[in-house]
């Protein structure tokens, strides 16, 4: 997995917000209090998901992305916050940037329901979802555009491949 340079200033944090789905990932982590939970002590995936009452498999993928953008680190099985997350993404931090970060994710996109999926799990697969004429047309148009997708998606998809 490719790791990005650790943000050393709030500018570094805001640079991350222009990277495709990353704002939605960071905002979902803020919304479920992931950063706050890890601020007290490092936790394993099991401890974290039990503490926050969230689904382990989706959380694991989310943590992989947060590790890749250097907001979370992992030693053995224990996840903890990086200095950047402590400086900018904790409510008690003097340099708290949570409100500014939240302002960057107003777009409508595939990660808008991430918090719901983290808490309740993914919706069951509907094998008929591509059987309508509109769905077939959408897929054909997407192929003509070059396959569609979102920039940077392979990073999250590596984590989601475990599902």
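The values are calculated or read from the model by the stated rules, or taken from the named source; none is laboratory data. Computed from a predicted model, the values in this text were never measured in an experiment. As a convention, Cβ positions derive from the backbone with ideal geometry for all residues, glycine included, and neighbour counts pool all protein chains shown.
Here are the numbers for this structure:
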item	result
Test set (1) at pLDDT 90 or above; (2) not in a helix (DSSP H, G or I) - residue 107 fails condition number	(1)
Flag for residue 59 being within 18 Å of residue 31 (Cα to Cα), outside any helix (DSSP H, G or I) and modelled with pLDDT of 90 or more	no
Selected residue (only one of 13, 38 is crowded, with 20+ Cβ neighbours inside 10 Å, assigned to a helix (DSSP H, G or I) and at pLDDT below 95)	13
